[in-house]
1. Just one of Val140, Val181 is modelled with pLDDT of 95 or more, outside any helix (DSSP H, G or I) and either within 16 Å of ligand 1 (Cβ to nearest atom) or over 23 Å from Glu89 (Cα atoms) (or both); which is it?
2. Over 16 Å from Leu192 (Cβ atoms) and of a type in the set (Gly, Ala, Ser), is that true of Gly48?
3. Do we have any residue at all in the range 125-136 that's at positive phi and part of a helix (DSSP H, G or I)?
4. So which of His100, His55 is at positive phi, modelled with pLDDT of 95 or more and touching a helix residue (DSSP H, G or I) at 6+ places or on another chain (Cβ under 7 Å)?
5. Going through the range 166-221 one residue at a time, which ones are within 16 Å of ligand 2 (Cβ to nearest atom) and surrounded by fewer than 16 Cβ atoms within 10 Å (Cβ to Cβ)?
6. Contact list please: Cβ distance under 6 Å, first residue in the range 154-175 and over 30 Å from Val144 (Cα atoms), second residue in a loop (DSSP other than H, G, I, E, B) and within 12 Å of ligand 2 (Cβ to nearest atom), pairs at least six apart or on different chains.
Amino acid sequence: MRASLSLILTTLVSSSLSSTFTYKDAPFGQVITSCLEPNTIALTFDDGPSEYTEHFLDVLRDYGARATFFVLGEAAQQHPEILRRMQDEHHQIGSHTYDHPSLPTLGHDAIVAEMTRLEDVLIPIIEEVPTYMRPPFFDVSDEVLATMSELGYRVVTGSIDTKDYEHDSKDGINISFDKFVSELDAGGSIVLSHDIHYWTGETLLERMLIEISERGLTATTVGDCLGEPLDAWYRPAY
Ligand SMILES: *[C@@H]1O[C@H](CO)[C@@H](O)[C@H](O)[C@H]1NC(C)=O
Ligand SMILES: [Zn+2]
């Protein structure tokens, strides 16, 4: 019953939002785990930007690939030029909250504050507000989903988890690549890894891009892999 109540609430909230924003088909109030466009895959990188992120952008550029970065508050504050480069190179920027709490442990107002505090950091830099967010630890609740709908955010988790943070070494990172391949074989399409780990940028990213290309898939952003136009990935800042 909780689920159907949240679905009703979500429907009400999203239909009122759709008159405000340009997008209309965005799945509010549900957790998005997979791409919808055939033959697409969305590489996503959480917790940055970091000192390694420019290297990620270089590798993505070399392969003509696009990706999504779910960023945090202090990291964004420290690397405004990297956020602008992401934008210039047609990657997608999403919210990963200001400082990475497990959102279901917070009350409504604290959840709102986690989101708006990051918006306040991003607005002067990218001059718009992301409409996609990723909940830290993939932790959600009915209240989190309802609050994200209220704020105009779609909630994205994933269907491939490289667990790169557990294997950040020259040899260990192979375990993350093998996990990527087996979860890709199982039909996964939204891939979680992190641009704060050296070996993810040094090895895993390129091996994933080669595998993607060998399979004839296109590495693109979350918005694009859901079939949404660029102007649905953000809303106006003011
Ligand atoms: C990790 O993978 C690379 C590339 O396939 C390979 O050269 C290397 O030997 C592997 N390392 C281990 C410990 O399996
Ligand atoms: Zn995270």
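1. That would be Val140, the only listed residue that is modelled with pLDDT of 95 or more, outside any helix (DSSP H, G or I) and either within 16 Å of ligand 1 (Cβ to nearest atom) or over 23 Å from Glu89 (Cα atoms) (or both).
2. no
3. no
4. The unique qualifying residue is His100.
5. Glu166
6. Asp168/His197
For every residue, the table says whether it meets (1) more than 26 Å from Ile173 (Cα to Cα); (2) assigned to a loop (DSSP other than H, G, I, E, B).
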position	(1), (2)
Asp58	no, no
Thr97	yes, yes
Pro104	yes, no
Ala113	yes, no
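The values are calculated or read from the model by the stated rules, or taken from the named source; none is laboratory data. Quick caveat: nothing in here was measured; it's all calculated off a predicted structure. Methodologically, a virtual Cβ is constructed for each residue, glycine included, from the backbone with ideal geometry; neighbour enumeration extends over all protein chains shown.
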